[in-house]
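Step one of this worksheet: look at the structure below.
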Amino acid sequence: MTQLTPQPGIMDIALYQGGAAHVKGVSNVVKLSSNENPFGPSPRAIDALATAAPEMHRYPSTDHAELRAAIGDVHGLDPARIICGVGSDEVLQFVVQAYAGPGDEVIHTEHGFSMYPILARMAGAVPVSVPEKNRCVDVDAILAAFTEKTRVVFLTNPGNPTSTMLPEAEVERLAAALPGNVILVLDAAYAEFTEGFDGGACHVEGRENVIMTRTFSKIYGLGGLRVGWGYGPQAMIDVLNRVRQPFNLSVPALAAAEAAVRDQDYVLHCRQENAKWGRWLAEELAEAGVPSDPSSTNFLLARFGSKAAAEACDTYLQSQGLIVRKVAGYGLPEALRITIGDEESCRRVAAAVKEFKEGRA
Ligand SMILES: *Cc1c(COP(=O)(O)O)cnc(C)c1O
């Protein structure tokens, strides 16, 4: 054979579909399809980025010591056990790359984040989808899917696109039941939207096979910057650092993320606005006959009863300049995932859904 052939699994990857950002011929468009922070980044992060700009000719630090120290301070975690990546996606990739290979199995749940099967296939491993129960993670179903080939279990908590939270006791039951040679990844991309929630850090403590991942892309409003982090046992972090490129995070990214994590007043403000307008929007939609589960995140999973109704409402919302996310690809064809925007956006969404439901669309 003289033909180029990619590694096994690579051509089985379906390219990731990002949220749309434009509607042809419609102005005053608001993007509510990628769970971005409607208020943008902290002004301190913007300042830090500008201050760092003239230093772009210098290579960044390889160990991210200052950013890890800041994260450790704010969260009360040991900085030595933190690893930073190009988004938390990269940290998730490190885990699969370092611990799973051809023929191994990587478990994710039915409505789990679509990056998990992509990452599994990148490593030549086999993604295994496990059913959820009424859009909530089902620990017994995960345990039932176990084989001796299982290497990694991905748990998004709270879930995306479900917005539901698995209770602490259930996370603990899962963590305790896993054999020592299987990694449990607690993907806590939306942890900051729940006051007092540690993202699952407590389940990492005292275990060798549990890691929590976090991101600057959601409440910190830095999705365009690409910074995330993980917190795990020292031995696992030491392994992951070996598959991490030394200069994975840029000088401006490190500076802006550090300033962002130190600005917890801004995080608090964003959390409160999100909670207030998320509650309001959920009530408005429910009144219009569109229920959603209580959200622990910055989005609602609005249920329209049928695929046809969800698609028709999506089309109407688009005509009104409101871009939300269809989630048929996540096994939820009857629903739309709507990012909780600022007050004006929430009011526009509520009004448009009401118009749609009342047949005025
Ligand atoms: C947004 C999101 C991430 C974070 O992605 P980044 O790479 O940090 O931007 C991870 N997991 C889930 C479930 C998400 O929704």
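All of the numbers you see were taken from the coordinates with simple rules; none came from a lab. Since the structure is predicted, the reported quantities are computational estimates derived from the model, not experimental observations. A quick note on method: Cβ atoms are made from the backbone with ideal geometry, for glycine too, and the neighbour counts reach across all protein chains shown.
Simple rule: put +1 on each Lys or Arg Cβ and -1 on each Asp or Glu Cβ in the chain, find the dipole, and look at V243, P38, A260; the Cα lying farthest toward the positive end is P38. Candidate cross-link partners of K357 among the lysines, defined by an alpha-carbon separation under 28 Å and a same-chain spacing of 8 or more, comprise K24, K31, K133, K276, K307, K326.
Think of it as helices only: each DSSP H run of n ≥ 4 in the chain is worth -39500 (n - 2.57), and spread over all residues that comes to -11500 deg cm²/dmol at 222 nm. With all pairs of separate Cα atoms included, the stretch 166-295 yields a Kirkwood hydrodynamic radius of 17.0 Å. Annotation: aspartates and glutamates with alpha-carbon distance below 12 angstrom to K149 (same-chain offsets under eight excluded): D104, E105. Phi-derived couplings, Karplus 6.51 cos²θ - 1.76 cosθ + 1.60 at θ = phi - 60°, listed residue by residue for the stretch 309-321: 5, 5, 5, 5, 5, 4, 4, 5, 4, 4, 5, 9, x Hz, with x used for Gly and Pro.
Since only G331, F113, A309 are under comparison, the one whose Cα sits farthest along the positive direction of the charge dipole of the chain, derived from C-beta charges on Lys, Arg, Asp and Glu, is A309.
Charges were assigned to the Cβ only: +1 to each Lys and Arg, -1 to each Asp and Glu. The resulting dipole of the chain about its Cα centre is roughly 840 debye.
Working note: Debye formula, equal point scatterers on the alpha-carbon atoms of the stretch 280-361, no solvent; log10 I(q)/I(0) at q = 0.16 Å⁻¹ is -0.50.
State the antiparallel share, in %, of DSSP beta bridges confined to the chain, rounding to the nearest 5.
Numbers: 16 of 35 bridges.
In the chain, approximately 45 percent of DSSP beta bridges are antiparallel ones.
One-quarter of the Cα convex hull surface for the stretch 1-137, in nm²? Numbers along the way, then the final one.
Details: hull surface 60.5 nm².
Convex hull of Cα atoms, orientation-averaged projection: 15.1 nm².
At 0.36 nm per residue, minus the direct Cα-Cα distance, what do A21 and R58 gain on full extension? Give it in nm, one decimal, please. Spell out each step's value before the answer.
Details: separation 37, 0.36 × 37 = 13.32 nm, distance 3.36 nm.
That works out to 10.0 nm of additional length.
Treat the stretch 44-263 as a sphere of radius equal to its Kirkwood radius over Cα pairs and apply Stokes-Einstein at 4 °C in a medium of 1.567 mPa s; give the translational diffusion coefficient in µm²/s, rounded to a whole number. Result for D is 74 µm²/s.
Between I183 and V152, V153, the built amide H atoms are under 5 Å apart, and every one of these is 5 or more places off in sequence or on another chain.
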